[in-house]
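*Asks:* Here's a structure for you.
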Amino acid sequence: MISQTSSLEFSHFPVMLHEVLKISSPSAGGKFIDCTFGGGGYSKEILNFPNTSVQAFDRDEKIMPIAKEFEKKFPSRFKFYQKKFSQLDSISDESIDGIIFDLGLSSIQLDNLERGFSFKSHQKLDMSMGLNKITALEVINNLSEKDLKLIIKILGEEKDASKIAKNIVLQRNIKKIINTIDLVKIIEKSKKRIFATKINPCTKTFQALRIFVNKEITELINGIINATKKLKPGGKILVVSFHSIEDKIVKYFFTNFSKNKSRSSRYLPDNKIDNLFLFDEYKNKVLRPSQKEITQNNRSRSAKLRFAVRSENKFEHPKDLIKKFKKYLDIEAINV
(Lines give C-alpha, C1' and ligand atoms only; values in the text may rest on other atoms or scores of the structure.)
Protein backbone atom coordinates (compact mmCIF):
# COMPACT_ATOMS: atom_id res chain seq x y z
CA MET A 1 0.00 0.00 0.00
CA ILE A 2 1.35 3.42 -0.97
CA SER A 3 1.28 5.87 1.91
CA GLN A 4 -0.13 9.37 1.50
CA THR A 5 2.49 12.00 0.69
CA SER A 6 2.21 15.72 1.38
CA SER A 7 2.99 18.39 -1.21
CA LEU A 8 6.08 19.31 0.79
CA GLU A 9 7.32 15.72 0.61
CA PHE A 10 6.79 15.70 -3.16
CA SER A 11 9.10 18.72 -3.48
CA HIS A 12 11.97 17.01 -1.69
CA PHE A 13 14.39 14.42 -3.09
CA PRO A 14 16.54 12.52 -0.56
CA VAL A 15 20.03 12.49 -2.07
CA MET A 16 21.77 9.15 -2.66
CA LEU A 17 18.93 7.31 -0.90
CA HIS A 18 19.88 3.89 -2.29
CA GLU A 19 23.48 4.23 -1.06
CA VAL A 20 22.41 5.54 2.36
CA LEU A 21 20.04 2.59 2.90
CA LYS A 22 22.62 0.07 1.72
CA ILE A 23 25.26 1.39 4.15
CA SER A 24 23.01 1.96 7.17
CA SER A 25 21.19 -1.40 6.76
CA PRO A 26 17.79 -0.63 8.32
CA SER A 27 16.59 -3.98 6.95
CA ALA A 28 18.31 -5.49 9.99
CA GLY A 29 16.34 -3.21 12.34
CA GLY A 30 17.85 -0.79 14.81
CA LYS A 31 17.82 2.76 16.15
CA PHE A 32 18.56 5.64 13.79
CA ILE A 33 18.94 9.40 13.95
CA ASP A 34 18.05 11.53 10.93
CA CYS A 35 19.90 14.77 11.65
CA THR A 36 18.42 16.72 8.74
CA PHE A 37 14.80 15.57 8.49
CA GLY A 38 13.70 17.98 5.74
CA GLY A 39 10.98 16.31 3.68
CA GLY A 40 11.43 13.08 5.63
CA GLY A 41 12.88 11.08 2.74
CA TYR A 42 15.46 9.09 4.70
CA SER A 43 13.22 8.66 7.77
CA LYS A 44 10.33 7.36 5.69
CA GLU A 45 12.41 4.68 3.98
CA ILE A 46 14.03 3.57 7.24
CA LEU A 47 10.64 3.27 8.97
CA ASN A 48 9.34 1.13 6.11
CA PHE A 49 11.43 -1.64 7.65
CA PRO A 50 10.05 -3.32 10.80
CA ASN A 51 11.98 -3.18 14.08
CA THR A 52 13.36 0.27 13.30
CA SER A 53 12.97 3.57 15.11
CA VAL A 54 13.98 7.08 14.06
CA GLN A 55 14.71 10.20 16.03
CA ALA A 56 14.76 13.18 13.66
CA PHE A 57 16.17 16.68 13.99
CA ASP A 58 15.50 19.80 11.94
CA ARG A 59 15.87 23.47 12.81
CA ASP A 60 13.27 24.50 10.22
CA GLU A 61 9.76 25.02 11.63
CA LYS A 62 8.30 24.91 8.10
CA ILE A 63 8.60 21.12 8.01
CA MET A 64 6.59 20.61 11.22
CA PRO A 65 3.46 19.45 9.29
CA ILE A 66 5.49 16.59 7.77
CA ALA A 67 6.98 15.65 11.15
CA LYS A 68 3.54 15.61 12.79
CA GLU A 69 2.25 13.23 10.11
CA PHE A 70 5.18 10.90 10.80
CA GLU A 71 4.47 10.98 14.54
CA LYS A 72 0.83 10.06 13.88
CA LYS A 73 1.75 7.22 11.55
CA PHE A 74 4.63 5.86 13.66
CA PRO A 75 3.71 6.90 17.25
CA SER A 76 6.05 4.42 18.93
CA ARG A 77 8.87 4.50 16.37
CA PHE A 78 9.31 8.15 15.38
CA LYS A 79 10.24 11.17 17.48
CA PHE A 80 10.88 14.67 16.12
CA TYR A 81 12.95 17.47 17.66
CA GLN A 82 12.86 21.00 16.29
CA LYS A 83 16.47 21.55 17.23
CA LYS A 84 19.80 22.08 15.53
CA PHE A 85 21.58 18.78 15.01
CA SER A 86 24.50 20.04 17.10
CA GLN A 87 22.11 19.44 20.02
CA LEU A 88 21.60 15.75 19.35
CA ASP A 89 23.59 14.91 22.46
CA SER A 90 20.62 16.26 24.42
CA ILE A 91 18.63 13.07 23.79
CA SER A 92 19.04 10.38 26.41
CA ASP A 93 19.05 7.42 24.03
CA GLU A 94 22.40 5.71 23.51
CA SER A 95 23.64 2.80 21.38
CA ILE A 96 22.43 4.21 18.06
CA ASP A 97 22.92 2.01 14.99
CA GLY A 98 23.08 4.75 12.37
CA ILE A 99 23.22 8.54 12.19
CA ILE A 100 22.63 10.35 8.89
CA PHE A 101 23.50 13.93 7.91
CA ASP A 102 22.37 15.48 4.61
CA LEU A 103 24.07 18.89 4.70
CA GLY A 104 22.48 20.41 1.63
CA LEU A 105 19.58 22.82 1.46
CA SER A 106 16.35 20.91 1.04
CA SER A 107 14.25 21.59 -2.03
CA ILE A 108 11.59 22.81 0.39
CA GLN A 109 13.90 25.62 1.50
CA LEU A 110 15.40 26.43 -1.90
CA ASP A 111 12.07 26.52 -3.73
CA ASN A 112 10.51 28.91 -1.23
CA LEU A 113 11.61 32.21 -2.79
CA GLU A 114 10.47 34.17 0.26
CA ARG A 115 13.44 32.79 2.20
CA GLY A 116 16.03 34.36 -0.07
CA PHE A 117 18.19 31.29 -0.72
CA SER A 118 17.72 31.42 -4.48
CA PHE A 119 19.22 33.85 -6.99
CA LYS A 120 15.75 34.03 -8.56
CA SER A 121 14.20 35.51 -5.46
CA HIS A 122 13.03 39.12 -5.37
CA GLN A 123 12.18 38.86 -1.67
CA LYS A 124 13.90 40.29 1.39
CA LEU A 125 17.37 38.91 2.15
CA ASP A 126 17.05 36.17 4.77
CA MET A 127 18.77 32.78 4.21
CA SER A 128 17.76 31.53 7.67
CA MET A 129 17.34 27.77 8.03
CA GLY A 130 15.61 28.23 11.37
CA LEU A 131 16.51 28.98 15.00
CA ASN A 132 18.75 31.81 13.79
CA LYS A 133 20.00 34.91 15.55
CA ILE A 134 20.76 36.87 12.36
CA THR A 135 19.69 37.19 8.72
CA ALA A 136 21.63 37.86 5.54
CA LEU A 137 20.07 41.34 5.47
CA GLU A 138 21.76 42.22 8.76
CA VAL A 139 25.07 40.75 7.63
CA ILE A 140 25.14 42.64 4.33
CA ASN A 141 24.17 45.99 5.85
CA ASN A 142 26.03 45.92 9.18
CA LEU A 143 29.38 44.18 8.82
CA SER A 144 32.54 46.02 7.83
CA GLU A 145 34.04 45.67 4.37
CA LYS A 146 36.92 43.73 5.92
CA ASP A 147 34.62 41.20 7.59
CA LEU A 148 32.45 40.83 4.47
CA LYS A 149 35.53 40.15 2.38
CA LEU A 150 36.72 37.53 4.87
CA ILE A 151 33.35 35.76 4.93
CA ILE A 152 32.95 35.74 1.15
CA LYS A 153 36.58 34.74 0.48
CA ILE A 154 36.94 31.98 3.09
CA LEU A 155 33.44 30.55 3.43
CA GLY A 156 32.55 31.05 -0.24
CA GLU A 157 36.01 30.42 -1.67
CA GLU A 158 35.32 33.43 -3.92
CA LYS A 159 38.38 34.95 -5.63
CA ASP A 160 36.54 38.24 -6.31
CA ALA A 161 35.59 38.67 -2.64
CA SER A 162 37.43 41.97 -2.27
CA LYS A 163 35.58 43.67 -5.13
CA ILE A 164 32.21 42.22 -4.10
CA ALA A 165 32.63 43.41 -0.49
CA LYS A 166 33.71 46.85 -1.65
CA ASN A 167 30.71 47.22 -3.95
CA ILE A 168 28.32 46.03 -1.23
CA VAL A 169 29.54 48.78 1.08
CA LEU A 170 29.42 51.41 -1.68
CA GLN A 171 25.84 50.48 -2.54
CA ARG A 172 24.57 50.35 1.06
CA ASN A 173 26.03 53.80 1.69
CA ILE A 174 23.65 55.04 -1.00
CA LYS A 175 20.68 52.89 -0.06
CA LYS A 176 20.15 49.96 2.31
CA ILE A 177 20.34 46.60 0.53
CA ILE A 178 17.00 44.90 1.20
CA ASN A 179 16.15 42.32 -1.46
CA THR A 180 17.96 39.31 -2.89
CA ILE A 181 17.82 40.70 -6.42
CA ASP A 182 19.68 43.83 -5.27
CA LEU A 183 22.53 41.67 -3.99
CA VAL A 184 22.54 39.66 -7.22
CA LYS A 185 23.05 42.86 -9.24
CA ILE A 186 25.98 43.92 -7.03
CA ILE A 187 27.69 40.53 -7.39
CA GLU A 188 27.16 40.40 -11.16
CA LYS A 189 28.60 43.91 -11.46
CA SER A 190 31.65 42.84 -9.42
CA LYS A 191 32.41 39.61 -11.26
CA LYS A 192 34.32 39.24 -14.49
CA ARG A 193 32.13 37.78 -17.20
CA ILE A 194 33.30 34.25 -17.96
CA PHE A 195 31.02 32.63 -20.48
CA ALA A 196 32.71 29.21 -20.39
CA THR A 197 31.44 28.37 -16.90
CA LYS A 198 27.96 27.08 -16.12
CA ILE A 199 28.17 28.21 -12.48
CA ASN A 200 26.06 31.22 -11.62
CA PRO A 201 28.36 34.14 -10.63
CA CYS A 202 26.40 34.55 -7.39
CA THR A 203 26.84 30.95 -6.22
CA LYS A 204 29.91 31.35 -4.02
CA THR A 205 28.82 34.60 -2.35
CA PHE A 206 25.38 33.17 -1.59
CA GLN A 207 27.06 30.05 -0.19
CA ALA A 208 29.26 32.15 2.06
CA LEU A 209 26.39 34.22 3.42
CA ARG A 210 24.21 31.16 4.00
CA ILE A 211 27.01 29.37 5.85
CA PHE A 212 27.68 32.43 8.01
CA VAL A 213 24.03 33.16 8.80
CA ASN A 214 23.37 29.56 9.85
CA LYS A 215 26.81 28.90 11.43
CA GLU A 216 27.00 25.77 9.33
CA ILE A 217 30.65 24.92 10.02
CA THR A 218 30.18 25.23 13.77
CA GLU A 219 27.02 23.12 13.50
CA LEU A 220 28.75 20.45 11.40
CA ILE A 221 31.76 20.07 13.68
CA ASN A 222 29.68 19.93 16.86
CA GLY A 223 27.14 17.70 15.16
CA ILE A 224 29.55 14.99 14.02
CA ILE A 225 31.34 15.05 17.37
CA ASN A 226 28.09 14.60 19.31
CA ALA A 227 26.89 11.97 16.85
CA THR A 228 30.02 9.94 17.50
CA LYS A 229 29.19 9.96 21.21
CA LYS A 230 25.80 8.37 20.52
CA LEU A 231 26.90 5.56 18.20
CA LYS A 232 27.24 2.06 19.54
CA PRO A 233 30.32 0.01 18.56
CA GLY A 234 29.80 -0.91 14.93
CA GLY A 235 27.30 1.90 14.46
CA LYS A 236 27.69 4.05 11.35
CA ILE A 237 27.81 7.78 10.78
CA LEU A 238 26.97 8.89 7.24
CA VAL A 239 27.46 12.41 5.89
CA VAL A 240 26.27 13.74 2.54
CA SER A 241 28.08 17.02 1.83
CA PHE A 242 27.78 19.51 -1.02
CA HIS A 243 30.78 21.82 -0.93
CA SER A 244 34.50 21.44 -0.39
CA ILE A 245 34.70 22.89 3.14
CA GLU A 246 32.15 20.41 4.47
CA ASP A 247 33.82 17.49 2.74
CA LYS A 248 37.25 18.59 3.97
CA ILE A 249 36.02 18.55 7.58
CA VAL A 250 34.28 15.18 7.31
CA LYS A 251 37.25 13.58 5.54
CA TYR A 252 39.68 14.89 8.17
CA PHE A 253 37.50 13.66 11.04
CA PHE A 254 37.01 10.17 9.64
CA THR A 255 40.61 9.80 8.47
CA ASN A 256 42.50 11.19 11.46
CA PHE A 257 40.39 9.60 14.17
CA SER A 258 40.28 6.11 12.70
CA LYS A 259 42.27 3.02 13.59
CA ASN A 260 44.58 3.26 10.61
CA LYS A 261 45.39 6.98 10.98
CA SER A 262 45.13 7.73 14.68
CA ARG A 263 48.83 8.05 15.50
CA SER A 264 50.08 11.61 15.89
CA SER A 265 53.03 10.67 13.67
CA ARG A 266 53.61 7.69 11.43
CA TYR A 267 57.19 7.60 12.75
CA LEU A 268 56.03 7.00 16.34
CA PRO A 269 55.20 3.53 17.70
CA ASP A 270 51.54 2.53 17.98
CA ASN A 271 50.85 3.02 21.70
CA LYS A 272 47.86 0.85 22.60
CA ILE A 273 47.12 2.89 25.72
CA ASP A 274 47.37 6.43 24.36
CA ASN A 275 46.25 5.70 20.83
CA LEU A 276 42.48 5.58 21.35
CA PHE A 277 40.63 5.87 18.06
CA LEU A 278 36.95 6.68 17.48
CA PHE A 279 36.44 4.72 14.22
CA ASP A 280 37.50 1.43 12.75
CA GLU A 281 39.74 1.49 9.70
CA TYR A 282 38.57 4.22 7.33
CA LYS A 283 39.14 3.52 3.65
CA ASN A 284 38.50 7.11 2.47
CA LYS A 285 36.17 6.08 -0.33
CA VAL A 286 33.87 8.84 -1.57
CA LEU A 287 30.52 7.84 -3.06
CA ARG A 288 28.80 10.07 -5.60
CA PRO A 289 25.30 10.05 -7.10
CA SER A 290 24.70 8.06 -10.25
CA GLN A 291 24.11 9.79 -13.55
CA LYS A 292 20.53 8.56 -13.40
CA GLU A 293 19.99 10.33 -10.07
CA ILE A 294 21.64 13.53 -11.33
CA THR A 295 19.31 13.47 -14.34
CA GLN A 296 16.29 13.10 -12.06
CA ASN A 297 17.53 15.59 -9.46
CA ASN A 298 20.17 17.97 -10.79
CA ARG A 299 20.75 19.43 -7.31
CA SER A 300 22.42 16.16 -6.30
CA ARG A 301 25.28 16.65 -8.80
CA SER A 302 27.79 17.98 -6.25
CA ALA A 303 26.92 15.53 -3.46
CA LYS A 304 29.60 13.41 -1.78
CA LEU A 305 28.83 10.62 0.68
CA ARG A 306 31.33 9.47 3.30
CA PHE A 307 30.74 7.12 6.21
CA ALA A 308 32.67 5.70 9.14
CA VAL A 309 32.12 2.84 11.59
CA ARG A 310 32.35 3.47 15.35
CA SER A 311 35.09 1.56 17.16
CA GLU A 312 34.73 -0.15 20.53
CA ASN A 313 36.89 2.46 22.26
CA LYS A 314 35.44 4.93 24.73
CA PHE A 315 34.69 8.40 23.42
CA GLU A 316 37.34 11.08 23.79
CA HIS A 317 36.77 14.61 22.54
CA PRO A 318 38.63 15.14 19.23
CA LYS A 319 40.30 18.44 20.14
CA ASP A 320 42.47 18.37 17.03
CA LEU A 321 39.33 18.65 14.87
CA ILE A 322 38.48 22.00 16.49
CA LYS A 323 42.08 23.17 16.19
CA LYS A 324 42.36 22.14 12.54
CA PHE A 325 39.34 24.18 11.41
CA LYS A 326 39.59 27.05 13.88
CA LYS A 327 39.79 29.69 11.13
CA TYR A 328 36.27 28.81 9.97
CA LEU A 329 34.93 28.79 13.52
CA ASP A 330 36.50 32.17 14.20
CA ILE A 331 34.86 33.66 11.11
CA GLU A 332 31.46 32.32 12.11
CA ALA A 333 31.97 33.90 15.53
CA ILE A 334 32.17 37.44 14.06
CA ASN A 335 29.53 39.62 15.74
CA VAL A 336 26.93 41.34 13.57
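*Asks:* Compute the distance in nm between two label points, each set 7 Å from the Cα along the Cα-to-Cβ direction, one at residue 252 and one at residue 89.
*Replies:* A separation of 1.9 nm, rounded to one decimal place.
*Asks:* Still on this structure, I have one more. Sort 315, 80 by accessible area with a 1.4 Å probe, largest first.
*Replies:* Numbers: 315 60, 80 20 Å².
Correct descending sequence by accessible area is 315, 80.
*Asks:* Moving on to the next point. Relative to the compact-globule scaling 2.2 N^0.38 Å, provide the ratio for the alpha-carbon radius of gyration of the stretch 32-183.
*Replies:* Rg over 2.2 N^0.38 Å, computed on Cα atoms: 1.29.
*Asks:* While we're looking at this one, here's another question. With angles folded into 0 to 90 degrees, how steeply does helix 203-214 sit against the dominant principal axis of the chain? Use alpha carbons for both and round to 10.
*Replies:* 60
*Asks:* Now a separate question. Quick check: the distance between the Cα centres of the stretch 235-254 and the stretch 281-336, to the nearest angstrom?
*Replies:* 1
*Asks:* I would also like to ask the following. Would you rank 307, 78 by solvent-accessible area, highest first, keeping every protein chain in place and using a 1.4 Å probe?
*Replies:* On the way: 307 70, 78 10 Å².
If we order 307, 78 from most to least accessible, we get 307, 78.
*Asks:* I want to verify the translational diffusion coefficient of the chain in µm²/s; compute it with Stokes-Einstein, Rh as the Kirkwood radius over Cα pairs, at 10 °C and 1.306 mPa s. Intermediate values should be presented prior to the final figure.
*Replies:* Values: Rh = 21.1 Å.
Approximately 75 µm²/s, per Stokes-Einstein.
*Asks:* Could you sort out which of 79/323; 166/248; 198/261; 153/292; 133/175 sit more than 31 Å apart by Cα distance in this structure?
*Replies:* Values: 79/323 34 Å; 166/248 29 Å; 198/261 38 Å; 153/292 34 Å; 133/175 24 Å.
With Cα atoms farther than 31 Å apart: 79/323; 198/261; 153/292.
*Asks:* Please report Rg (one decimal) and Dmax (integer) in Å for the Cα set of the stretch 169-210.
*Replies:* 11.3, 34
The values are calculated or read from the model by the stated rules, or taken from the named source; none is laboratory data. Since this is a predicted model, take the numbers as computed values, not measurements. Positions of Cβ are backbone-derived with ideal geometry, glycine not excepted, and every protein chain shown enters the neighbour counts. The accessibility values were calculated without ligands, DNA or RNA, using every heavy atom of the protein model including side chains. Shrake-Rupley method; radii C 1.70, N 1.55, O 1.52, S 1.80 Å.
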